[in-house]
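Q: The structure under discussion is supplied below as structure tokens; questions concerning it will follow.
The values are calculated or read from the model by the stated rules, or taken from the named source; none is laboratory data. Owing to the predicted nature of the structure, the values given are computational and were not obtained by experimental measurement. A quick note on method: Cβ atoms are made from the backbone with ideal geometry, for glycine too, and the neighbour counts reach across all protein chains shown. Surface areas here come from the heavy atoms of the whole protein model, side chains and all, with no ligands, DNA or RNA. Shrake-Rupley method; radii C 1.70, N 1.55, O 1.52, S 1.80 Å.
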Amino acid sequence: MRLADVLYSQGFGTRRVCAGMVEQGMVAVHRGQASPEVCLDPSVDVVQDGLVLHVQGVDWPYHAKAYLMMHKPAAVECSQRPSAYPSVYSLLPAPLRERPVRGASKGVQAVGRLDQDTTGLLLFSDDGQFIHRMASPKRHVPKIYRVVTRHAVTEVQQQRLLEGVVLEDDPVPVCASRCTRLGECALDLTLTQGKYHQVKRMLAAVGNRVEHLHRWRIGALDLPQDLAPGQWRWLSPDELARAQDAAL
Ligand code: URA
């Protein structure tokens, strides 16, 4: 692929802007540990496999499709057009927001949403099929939430969460597939559906209240201990395979 087209595919701007960046000496290419070599020809053919672009001093590994995880902090919204807090997308670098995607949208999209005050693991991708598979309720991808409650969790409440509770706008009961009590006011709740405010509404339906909510697992992917709130990183090939296995 032409170097300018590679840059374009990674979200660095229009093909024209990308060609200009190359001509102005802003782009170097390298592989593995090799040192970056500035390339001034936008039409030069580059092999994408193992390619690392070096754009204005920053390394950018080539990814044909983008699969990322983020540790969502509190006080950010998952919407592209947030109303009260900054958007999670503002925590991603511009190329990830600008990557060309076939169809109407551009850039990566979050796989499902977390409330503004919920923290934890959030996946992003520009692969529509992956997003659909991971988010589809039909795939039953389990998600584990650590819940801190206002009142002590009773055995009756635990039992009701497992057996199913009816939420006010839907006659079909929703249930947790697991509910592990971790302390008087703390539990891990595993859900395979993804209804609006589901954890908060389930806890309210059994007479309790969520004080803090943190998602630490999606399918077979755990939020890594070393990913600080607000940070993101690419999924490794192994993590991507494990995420996809969970949604088969
Ligand atoms: N359930 C909720 O109530 N909020 C979230 O953010 C996620 C699940």
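Q: Can you pull out the residues in the range 188-197 that are free of Cβ contacts under 8 Å to residues at least 60 places away in the same chain and open to solvent by 10 Å² or more (accessible area, probe 1.4 Å)?
A: Selection gives 188, 190, 192, 193, 195, 196.
Q: Ok, one more. Which of the residues spanning the range 201-233 are part of a helix (DSSP H, G or I) and surrounded by fewer than 17 Cβ atoms within 10 Å (Cβ to Cβ)?
A: 204
Q: Would you tally the residues in the range 93-132 being under 10 Å from the mean Cα position of the chain (by Cα), more than 16 Å from the ligand (Cβ to nearest atom) and open to solvent by 20 Å² or more (accessible area, probe 1.4 Å)?
A: Selection size over the range 93-132: 2.
Q: Can residue 145 be described as within 12 Å of the ligand (Cβ to nearest atom), in contact (Cβ under 8 Å) with a residue 40 or more places away in the chain and among the aromatic types (Phe, Trp, Tyr)?
A: Numbers: within 12 Å of the ligand (Cβ to nearest atom): yes; in contact (Cβ under 8 Å) with a residue 40 or more places away in the chain: yes; among the aromatic types (Phe, Trp, Tyr): yes.
Yes: the conditions hold for residue 145.
Q: If you don't mind, there's one more thing I want to ask. Of these, 102, 15, which one is of a type in the set (D, E, K, R) and either within 17 Å of residue 124 (Cα to Cα) or out of contact with any Phe, Trp or Tyr (no Cβ under 6 Å at 6 or more places or on another chain) (or both)?
A: That would be 102, the only listed residue that is of a type in the set (D, E, K, R) and either within 17 Å of residue 124 (Cα to Cα) or out of contact with any Phe, Trp or Tyr (no Cβ under 6 Å at 6 or more places or on another chain) (or both).
Q: Within the group 139, 160, 181, which residue is away from the ligand (no atom under 16 Å from the Cβ) and closer than 30 Å to residue 241 by Cβ?
A: Only one candidate passes the filter, namely 139.
Q: So, of the residues in the range 49-61 that are in a loop (DSSP other than H, G, I, E, B) and farther than 12 Å from residue 32 by Cα, which turns out to be modelled with the lowest pLDDT? Spell out the reasoning first.
A: Taking the range 49-61 first, the residues in a loop (DSSP other than H, G, I, E, B) are 49-50, 56-57.
Narrowing further to those that are farther than 12 Å from residue 32 by Cα: 56-57.
On the way: 56: 89, 57: 86.
Out of the qualifying residues, it is 57.
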